[in-house]
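The values are calculated or read from the model by the stated rules, or taken from the named source; none is laboratory data. Since the structure is predicted, the reported quantities are computational estimates derived from the model, not experimental observations. Reconstructed Cβ throughout: ideal geometry from the backbone, glycine too, with neighbour counts over all protein chains shown. To get the accessible areas, we keep the full protein, side chains included, count just its heavy atoms, and leave off ligands, DNA and RNA. Shrake-Rupley method; radii C 1.70, N 1.55, O 1.52, S 1.80 Å.
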Amino acid sequence: MRIGIIGFGNMGSAFGEGLKKSAEVVAFDTDASKKEKALEMGIGWAKDLEFLVANSDLLLLAVKPKDAGKVLENLRGKMEGKILVSIVAGLSLKKIEELLGREKVIRCMPNLAVAVGKGAIAYVCNELVEERDEENFKESFSKCGSLHKVEEGLMDAFTALAGSGPAFVMKFISALCLAGVREGFSYQQAMDIVLDTIEGTVLMLRTFGGHPEEWISKVASPSGTTIEGLKVLEERAFSGILMECIRETTNRCKQLG
């Protein structure tokens, strides 16, 4: 399969890194300065959009939302049964079809971790996408991370939880590192400790399963140290703050859409 990437910014290039593992990848961007980066990554460069479309089986739309409408209008009537995969935030299947015409479309919402092949990627297909098309899509895009097929109505919530999620996780990591520095560690040492702790905890949960609260009870012994820290989190409404964070982010996604 040959995959054409329209737009070679942060997300387009991140997907290119993963997709090239299982497919021939060619990119195009109106910013010609990005050509060198693509070639250094082992990704081909198309001279124009028409060439990219003609020489691709699947097209990944990775442009900014403000540019998506013009690109889709330029693609109208040129798809010839090819699949369009859109990662443009807030752009619904219905809106894509209005601009593009009745074509095979898969709408995706990824997060930045696709850059290391560990992204969380939600997707939904329109009714023209056949089972074979979906399998081809999954085979290639699974190299960029885990795929989650969701109802389109949950795309905004997924954007908040997973799309914006890395920023919230980074904020959590930063806070723990600062806490470590406050207690006497160097910043780098604190970060190493925090990352090891997070990686180990995630692996343990994935390996053994169970509810996070069950694991919390195993760490927090009666009248011990951990329960004192948990008490502070409860008093400050830590869980409620995160829930409200996701709700407000979801609401903003709906407004932008």
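Brief remarks follow.
This table checks each residue for (1) at pLDDT below 95; (2) over 22 Å from the mean Cα position of the chain (by Cα); (3) not hydrophobic (A, V, I, L, M, F, W, C).
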position: 28; (1), (2), (3): no, no, no
position: 47; (1), (2), (3): yes, yes, yes
position: 66; (1), (2), (3): yes, no, yes
position: 78; (1), (2), (3): yes, yes, yes
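- When residues in region 222-257 are screened for being assigned to a loop (DSSP other than H, G, I, E, B) and open to solvent by less than 60 Å² (accessible area, probe 1.4 Å), 2 of them pass.
- Looking only at region 129-152, and only at residues there that are assigned to a loop (DSSP other than H, G, I, E, B) and open to solvent by less than 60 Å² (accessible area, probe 1.4 Å), the one that is nearest to residue 165 (Cα to Cα): 150
- Close pairs from region 159-176: first part of a helix (DSSP H, G or I), partner open to solvent by less than 70 Å² (accessible area, probe 1.4 Å) and of a type in the set (S, T, N, Q), Cβ under 7 Å, at least 6 apart: 160/249; 160/250; 162/111; 163/111; 165/111; 166/111
- Residues in region 104-128 that are more than 22 Å from residue 255 (Cβ to Cβ), touching an Asp or Glu at 6+ places or on another chain (Cβ under 8 Å) and either among the basic types (Lys, Arg) or open to solvent by 40 Å² or more (accessible area, probe 1.4 Å) (or both): 3 in all.
- Region 73-96: number of residues that are of a type in the set (Asp, Glu) and closer than 20 Å to residue 25 by Cβ: 1
- Some residue of region 92-103 being closer than 30 Å to residue 252 by Cα, surrounded by 21 or more Cβ atoms within 10 Å (Cβ to Cβ) and aliphatic (A, V, I, L, M): yes
- Residues in region 9-40 that are buried (at least 22 other Cβ atoms within 10 Å of the Cβ) and without any contact (Cβ under 8 Å) to a residue 40 or more places away in the chain: 16, 25, 27, 28, 29, 38.
- Looking at 206, 236, 182, just one residue is within 30 Å of residue 255 (Cβ to Cβ) and either without any contact (Cβ under 8 Å) to a residue 40 or more places away in the chain or of a type in the set (D, E, K, R) (or both), and that residue is 236.
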